[in-house]
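In what follows, a single structure is set out as structure tokens and then discussed.
Derivation of every value follows stated rules applied to the coordinates shown; laboratory data play no part. Every value quoted in this text rests on a predicted model; they were computed, and no experiment measured them. Cβ atoms come from the backbone with ideal geometry, glycine included; neighbour counts cover every protein chain shown.
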Amino acid sequence: MGISEYASFDGLGLAALVKSGEVSPVELAEEAISRIEKHNPALNAVVTPMYEQGRAAARTPADGPFKGVPFLLKDIMGDYEGVPTQSGSRFTSGIPALRDSTLTARFKKSGVVILGKTNVPEFGLLPTTESAFYGPARNPWNTDYSTGGSSGGSAAAVAAGIVPIAHANDGGGSIRIPAACCGLVGLKPTRGRNPLGPDLGDMMGGLIHEHIVSRTVRDTAAMLDCTHGHEVGDPYYAPPVERPFLDEIARKPARLRIAFSVTNLDGRKLDPECVKGVEATAKLLRDLGHEVEEAAPQLPMEMLSGAFMGLWAAGLALQIDAHAMMTGRTPNDNEMEGLTWGLYRAGKEITAVQYQMAIAQIQIMSRQVARFMERYDAWLTPTLGAPPLKLGTVDIHERDPQKAFAPIIDYVPFTALENATGQPAISLPLHWSADGLPVGMMFAGRFGEEAILLRLAAQLEEAQPWKDRHPKIWN
């Protein structure tokens, strides 16, 4: 296989070549490694190379739908036995994982060949991938700009053609935001669809969800077929699926009723590029025969942001103190960024009553959104309130979380809501700004109804293809 051909295939396309004998998993692994070596100096996407493990796995990959396909794990929750999961932090660095996470085991069973771990912000706290420990990941469309976060390294690697798919997870938009910034497909599944085992059942009150970023809807669907399913002891249970997700995308969606929003939930205006993207997507949906109208759930946004940040701060404190308990290390501000330390100290001050109140407030708003979604099959918004940020917009050394988050308060107006409610949501690369940066469009669906979102996404992918749009750093 020539170098120019590798990146033209998605994951299932490469797997088909392996199945036909046109290429071997070992050859694919070497192609991916060559691209990591070529592009990583500019992108800083891969922070932990795992070439020897990958080469060994490529010699005998599992016989799954993605047999032999190069793959990367995220350096948060992407546990691989014997390899550290460092979460972008000096404080948690250097300690090998005792065993694979359940999701890693399911990824391996799908046939992928894992070649490394990807860049993240410290503890996944930001919608941009910049850390003192790893340095910033850079957007292949323009390296002055952010990849989004926290799965920014994974998104940069997929967008640049290094690998066709990569692990991502989402606690406030961390699958969808990097997908939007890098021109990819990013599905956050329904709460409980993918497990967090074998040890964890829940993180941050149910906010955390696992999946991948990809370049095609079919890869996203097919990998969800490989990974979803209840694990014994799980605290949440997603509704059963009617048929494989890959089969769903072959089914044309019925005439859907779709709401759309061109302001944030407080009624404030979004960036003109985001408005333009939503309006163009709404027109495309009408042209495809769907019923489209402007509407949004009425929510007390101060309550949502307060409850969400309370859960985030408490969850961060739990992670840090749990690591300290298991390793005997004492948390200290010399081994963490200023923002992390400030949020950790805030989390330590949250009382049990305040935590339970935050959970109750999230549940109240989840019921309000569920009632809104009874009227609509999907809700369209821009994934973000503006095109990708310039790197350096957030001061990661600022210890006051309110000051640190101030520059991005309007940047992430929608994504956290679906983490709170547990609904599925997907970001699709349906718009680009005038200066050539991706602007993702997000569709939220009813709880348990990824199938509708995936059918709609496949229809939009066919109607307005994005596979031939590539960034400056590509292949």
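Observations, loosely collected:
- R0 of 41 Å, Cβ-Cβ distance D63-I359: FRET efficiency to nearest 0.05: 0.45
- Projecting the Cα atoms of P424, Q363, L316 onto the charge dipole of region 309-460, computed from C-beta unit charges around the Cα centre, puts Q363 farthest toward the positive end.
- In nm, spacing of pseudo-spin labels at R255 and A352 (7 Å Cα→C-beta vector): 5.5
- Low-density loop cleavage sites - GluC sites (Glu not before Pro) in region 366-475, where at most 13 other Cβ are within 10 Å (DSSP): E374
- For region 149-251, chymotrypsin sites (Phe, Trp or Tyr not before Pro) meeting the loop criterion (DSSP other than H, G, I, E, B) and having at most 12 other Cβ atoms within 10 Å: Y237.
- Simple label model, 7 Å out from Cα along Cβ direction - A280 to D266, nm: 2.8
- Qualifying trypsin sites (Lys or Arg not before Pro) for region 400-475 [loop in DSSP, other Cβ within 10 Å: at most 15]: K467, R469, K472
- Charge dipole magnitude, Cβ of K and R +1, D and E -1 - region 3-463, Cα centre, debye nearest 20: 420
- By the combined test of axial Cα extent (at least 20 Å) and Kyte-Doolittle hydropathy (mean at least -0.5), the qualifying DSSP H helices of the chain come to 25-43, 272-287, 301-327, 352-373.
- In plain terms, the chain from K109 to A370 could stretch by 90.5 nm, reckoned as 0.36 nm per residue minus the Cα-Cα distance.
- Sequence of E294, E242 once ranked by neighbouring C-beta atoms within 10 Å, starting from the fewest: E242, E294
- For the chain, the 222 nm mean residue ellipticity estimated from helices alone, with every DSSP H stretch of n ≥ 4 adding -39500 (n - 2.57) and the total spread over all residues, rounds to -12000 deg cm²/dmol.
- Label-to-label distance, S305 versus S8, with points set 7 angstrom from Cα along the beta-carbon direction: 4.8 nm.
- Added length on full extension, which subtracts the Cα-Cα distance from 0.36 nm per residue, T330 to A295: 7.7 nm
- Order of C182, C226, C274 - criterion: other Cβ atoms within 10 Å of each residue's Cβ, fewest first: C226, C274, C182
- Burial ordering of I177, I452, I426, I95, fewest other beta-carbon atoms within 10 Å first: I95, I452, I426, I177
- Extended-chain gain in nm, criterion 0.36 nm per residue less alpha-carbon gap, Y236 and K472: 80.8 nm
- Dipole magnitude for region 12-105: computed about the Cα centre from +1 point charges on Lys and Arg Cβ and -1 point charges on Asp and Glu Cβ, it is near 140 debye.
- Charges were assigned to the Cβ only: +1 to each Lys and Arg, -1 to each Asp and Glu. The resulting dipole of region 1-58 about its Cα centre is roughly 120 debye.
- Tensor-based shape of region 3-463 (alpha-carbon gyration tensor, a/c under 1.5 rounded, otherwise prolate or oblate): rounded
- If you take the Cα centroid of region 279-316 and the Cα centroid of region 186-201, the two points sit 21 Å apart.
- Ordering of 114-122, 36-44 by packing [mean C-beta count within 10 Å, highest first]: 114-122, 36-44
- Top positive-direction residue, dipole computed over region 5-62 with Cβ charges, set F9, A29, A56: A56
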